[in-house]
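The block underneath contains the structure these notes are about, expressed in structure tokens.
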Protein chains: 2
Amino acid sequence: MIKINKAACVGGGVIGGGWIARFLLAGIDVDVFDPHPEASRIVGEVIANAERAYAMLTGAPLPPRGKLTFCKTLEEAVVDADWIQESVPERLDLKRNVLTQIDAACRPDALIGSSTSGLLPTDLQRDMQFPDRLFVAHPYNPVYLLPLVEIVGGEKTSHATIKAAMEKLPPIGMKGVHIAKEIEAFVGDRLLEALWREALWLIHDDICTVETLDDVIRYSFGLRWAQMGLFQTYRIAGGEAGMRHFLAQFGPCLAWPWTKLTDVVDLDDALVEKIGQQSDDQAEGRSIRELERIRDENLTGILQALKAGDGGKGWGAGKLLKDFEHSLWAGAKAAEQPKTSGPLRLVDTKVSPAWVDYNGHMTEHRYLQVFGDTTDALLRLIGAGLSYVEAGHSYYTVETHIRHLGEAKLGQAIYATCQLLSVDEKRLHVFHSICDAASGEVLATGEQMLLHVDSNAGKAVPAPPEILAEAKAIAEAHASLPAPDGAGRHVGQRKQG
Amino acid sequence: MIKINKAACVGGGVIGGGWIARFLLAGIDVDVFDPHPEASRIVGEVIANAERAYAMLTGAPLPPRGKLTFCKTLEEAVVDADWIQESVPERLDLKRNVLTQIDAACRPDALIGSSTSGLLPTDLQRDMQFPDRLFVAHPYNPVYLLPLVEIVGGEKTSHATIKAAMEKLPPIGMKGVHIAKEIEAFVGDRLLEALWREALWLIHDDICTVETLDDVIRYSFGLRWAQMGLFQTYRIAGGEAGMRHFLAQFGPCLAWPWTKLTDVVDLDDALVEKIGQQSDDQAEGRSIRELERIRDENLTGILQALKAGDGGKGWGAGKLLKDFEHSLWAGAKAAEQPKTSGPLRLVDTKVSPAWVDYNGHMTEHRYLQVFGDTTDALLRLIGAGLSYVEAGHSYYTVETHIRHLGEAKLGQAIYATCQLLSVDEKRLHVFHSICDAASGEVLATGEQMLLHVDSNAGKAVPAPPEILAEAKAIAEAHASLPAPDGAGRHVGQRKQG
């Protein structure tokens, strides 16, 4: 994958801050220019939200966070960046002016993306000296979790620019879709605006409240659209008769009375106040921060669910997450911890909302999930990672013994260590500990016996010499460690037993 | 909760079939009338999909499936039902005729719901003798998974009818929203139609393909809308400045060029063919059955993710699922398995798509999840279920030993049994087995030590006599069973050890 080396963000509001977080968490340094006096506070809050969300989203090893620098001038911020993202307020004159300044100050090979949600790239690039490198890169809030970026070129944008922009998004976990023709508001905001216009009429005419309208969406087609869009959903609804038949049936509805409400409602004071009041009622006293937290937890849960889609291969945004994690693992391999004489610290994570019971305690089986992640990290370390598994061999767990010594709570930072107790041709005997990251207190231990197998034949076979050598080197380094407290115990055994 | 005793469905297509599946899986008998020669095949396919989806959706005990009867006449089908759902094709004259027949044949206190997606209840009830009991109950496909039902009354519909209809939906896992005023297409289809109209223009004008348009939705706002709707999402986007400020900012956009595309596109042969071809490309050769399977797996995964939302309390459609499961557990308690002399069979489930790795094998920690569910079922049996836990006491797992003896695969039916090895004041020592449902082969065993605790004080305390009595009765019945193979073992112990 083609990575961005250095990014610059001009404008650091909620959208600009979301881009900054995306870049930083992908290990990319970011220089920021935003003259707003509160810019660094606002950006800091978005980054904090993003870090919290990523810790819940994935157990894959994020690269060391990029360096964030607030610059005094626009020129200073953009001078050595290879991706510059403009996210200033939505006024054509302002954006043109800012883009022209960027154009004059940046490297000749830099890509310049605009976060505009509606202005035409042809209009934006009018005054630029090198307009071929300007494109629209329109993201969705929260930018650090929603992967979509609409990529739209203007009349003077080069094909090479579009191609390069599309290629640089997957390494930061994003999905570029190229919109073939530029129109105002592109595709996403067109669709949103159409639905929004209709929604305003429904509230204006007291057909329902904003809460009822939101419930209609989130208990029905919102669930559908998180995983398939509009057309694929209707393809299924059409059944065996096919999409063409479905459309022929649907055609007449377009002329029914429900499609006539296409006027634009006057968003006057009375309507603003009605919606404001209904929205207050709907929030039930929850602050924006609390709603953000709930939203981000829900989004991470949905993305994780979609990662398991299509029989474990991943579907849509979940497939994208899976691919992103693979690239993280691949990137982390070279940097992985060297063998030391102590137990290996192999996993660092936070307790995700999907992992807790209604009391906020980490659920029993999630401890085993973390132990499984620890084993996976060990296997990568000795050369038995994903590509080895895909080639037909693997280590299977045959036995596990877990002791619960403390409790991990929602959001708590934890880490896991591994002590390799013994290695032979076919077996690895490991002892893991899950610890509180702040105090080092051991919360649980997990002892496991793993068997090297030929997955296709479904039977145990000796591991190859290169893997055995790696494993034995660790085991020898660990041989001088004391036997861990709790190893070799059976369930119910007395402490002095 | 107020339950439906007997349901009747007039019309058994995809929507009618979805209603039938909802009723049957909630334990309600359904009489069906549909003169279509293929009705029983179509309904059978929908029920098969629904049963597959429910097995993945929840581990809670579904009641015995209701009895399905295809009737020769409409009168026969509706005569003793207390909820009658009409789902015939979308023509006013046909629906009026069918509803008048239902009206003449059914019980005076029956509720009559129409699945119409757009016709006005006032128009539907015009010719009925008792129009006060007619309402619109508009569901969304797939009806067995999407919980929303729009409840809309006509001029002659009574308040009592609306109230009764709203109350009878939660026990079948559905969410009624009452639409205050009747308009054509109600709320959901208004919103869908507005977006659909815009989407057709975008395809017509070659701005993007159907696949790109679907990607725009499912990688961005579709993810948002699965958990919060339109207004709550914008409330967050508005930040601390508030909803009113957000609307004031958003107002001008309504007059921008992107809102002018409100004409109705002509869905002519050329556009139908263009969409049909693009939809074929998007499907990449997947059949409708395969797409349905993927959709249902995704939806169950999303619903499960939302069940963990809001710090484990459940959010939106996930909260509804959680409440539905509680009602299932409560309903199952009375019917729960009597103590027998053999191990107790406490869990029956299927391997959910969220539980498997990319090879389609059940992931290690999901075995522990099933063992945890088995323990929970035992605790309910001895009186230490959810209400006991909420009152401040619980059993915590302190130690677990798992042996993997075989493999469970995606979709495989499995069950879990529990043998209670010993009981004392503070401890329960249990031995669980996960077995293949077809052959009874043991796939994994899980031995656990549980400690009775005061959750607030965070320390072990003796269990109360009534719980001890229940537990001891089971342990005594199990005392004569042979010690299970594998109990008392430590990791790495030899078979004859």
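The values are calculated or read from the model by the stated rules, or taken from the named source; none is laboratory data. What you see is a predicted model, and the numbers here were worked out from it, not measured in a lab. Positions of Cβ are generated from backbone atoms using ideal geometry, with glycine treated the same way; all protein chains shown enter the neighbour counts.
Here is how the numbers come out for the structure above:
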{"item": "Filtered residues of region A:66-93 (kept if of a type in the set (D, E, K, R) and surrounded by 18 or more Cβ atoms within 10 Å (Cβ to Cβ))", "result": "A:ASP82, A:GLU86"}
{"item": "Out of B:ARG494, B:ARG427, B:ARG489, sole residue that is closer than 18 Å to A:VAL491 by Cα and free of Cβ contacts under 8 Å to residues at least 24 places away in the same chain", "result": "B:ARG494"}
{"item": "Long-range neighbours under 7 Å by Cβ, at least six apart or interchain, first residue at pLDDT below 95 within region B:71-94, second surrounded by 22 or more Cβ atoms within 10 Å (Cβ to Cβ) and acidic (Asp, Glu)", "result": "none"}
{"item": "Residues within region A:162-197 that are part of a loop (DSSP other than H, G, I, E, B) and under 23 Å from B:LEU223 (Cα atoms), tallied", "result": "7"}
{"item": "From the options B:GLY440, B:GLY446, B:GLY411, residue that is in contact with a His (Cβ under 6 Å, 6 or more places away or on another chain) and either small (Gly, Ala, Ser) or within 14 Å of chain A (Cβ to nearest Cβ) (or both)", "result": "B:GLY446"}
{"item": "Meets criteria (more than 9 Å from chain A (Cβ to nearest Cβ), closer than 24 Å to A:PHE371 by Cβ and buried (at least 21 other Cβ atoms within 10 Å of the Cβ)) for B:TYR395", "result": "yes"}
{"item": "Sole residue being surrounded by fewer than 19 Cβ atoms within 10 Å (Cβ to Cβ) and among the charged types (D, E, K, R), chosen from B:ASP376, B:ASP348", "result": "B:ASP348"}
{"item": "First in region A:341-362 and over 24 Å from A:ARG380 (Cα atoms), second anywhere and in a helix (DSSP H, G or I) and not aromatic (Phe, Trp, Tyr), Cβ under 6 Å, 6 or more apart", "result": "A:PRO353/A:GLU297; A:ALA354/A:GLY301; A:TRP355/A:ARG366"}
{"item": "Test for A:LEU271: is it in a helix (DSSP H, G or I), in contact (Cβ under 8 Å) with a residue 40 or more places away in the chain and crowded, with 20+ Cβ neighbours inside 10 Å", "result": "no"}
{"item": "Single residue of A:LEU420, A:LEU410, A:LEU405 found to be buried (at least 17 other Cβ atoms within 10 Å of the Cβ) and modelled with pLDDT of 90 or more", "result": "A:LEU420"}
{"item": "Selection within region B:120-142 - more than 10 Å from chain A (Cβ to nearest Cβ) and in a loop (DSSP other than H, G, I, E, B)", "result": "B:GLN125, B:ARG126, B:ASP127, B:MET128, B:GLN129, B:PHE130"}
{"item": "Search result, residues across region A:294-336 that are modelled with pLDDT of 85 or more, part of a helix (DSSP H, G or I) and more than 7 Å from every other protein chain (Cβ to nearest Cβ)", "result": "A:ASP296, A:THR300, A:LEU303, A:LYS307, A:GLY318, A:LYS319, A:LEU320, A:LEU321, A:LYS322, A:ASP323, A:PHE324"}
{"item": "Residue list for region A:201-241, restricted to those being in contact with a His (Cβ under 9 Å, 6 or more places away or on another chain) and more than 7 Å from every other protein chain (Cβ to nearest Cβ)", "result": "A:GLY238"}
{"item": "One residue from A:ALA180, A:ALA185 being facing chain B (nearest Cβ under 8 Å), of a type in the set (Gly, Ala, Ser) and surrounded by fewer than 18 Cβ atoms within 10 Å (Cβ to Cβ)", "result": "A:ALA180"}
{"item": "Residue identified as touching a residue at least 24 places away in the same chain (Cβ under 8 Å), in contact with a Lys or Arg (Cβ under 7 Å, 6 or more places away or on another chain) and over 25 Å from A:THR73 (Cα atoms) among A:ILE162, A:ILE172", "result": "A:ILE172"}
{"item": "Count - residues of region B:199-236 that are in contact with a Ser or Thr (Cβ under 6 Å, 6 or more places away or on another chain) and of a type outside the set (Val, Ile, Thr)", "result": "3"}
{"item": "Test set (1) at pLDDT 90 or above; (2) in a helix (DSSP H, G or I); (3) within 7 Å of chain B (Cβ to nearest Cβ) - A:ARG244 fails condition number", "result": "(1)"}
{"item": "Residue within region A:453-471 that is polar (S, T, N, Q), in contact with a helix residue (DSSP H, G or I) (Cβ under 9 Å, 6 or more places away or on another chain) and part of a strand (DSSP E or B) present", "result": "no"}
{"item": "Tally, over region A:337-385, of residues that are within 12 Å of chain B (Cβ to nearest Cβ), part of a strand (DSSP E or B) and at pLDDT below 85", "result": "1"}
{"item": "Single residue of region B:357-394 satisfying the filter (under 19 Å from A:GLU399 (Cβ atoms) and hydrophobic (A, V, I, L, M, F, W, C)) that is nearest to the chain's Cα centre (by Cα)", "result": "B:VAL370"}
{"item": "Residue that is touching a residue at least 24 places away in the same chain (Cβ under 8 Å) and touching a Lys or Arg at 6+ places or on another chain (Cβ under 7 Å), where the choices are B:LEU443, B:LEU468, B:LEU451", "result": "B:LEU451"}
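Here's the yes/no breakdown for (1) crowded, with 21+ Cβ neighbours inside 10 Å; (2) of a type in the set (Val, Ile, Thr); (3) away from every other protein chain (no Cβ under 14 Å); (4) touching a residue at least 40 places away in the same chain (Cβ under 8 Å):
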residue: A:ALA7; (1), (2), (3), (4): yes, no, yes, yes
residue: A:GLY11; (1), (2), (3), (4): yes, no, yes, yes
residue: A:VAL14; (1), (2), (3), (4): no, yes, no, yes
residue: A:PHE23; (1), (2), (3), (4): yes, no, yes, yes
residue: A:ASP34; (1), (2), (3), (4): yes, no, yes, no
residue: A:ILE42; (1), (2), (3), (4): no, yes, no, no
residue: A:LEU57; (1), (2), (3), (4): yes, no, no, yes
residue: A:ALA60; (1), (2), (3), (4): no, no, yes, yes
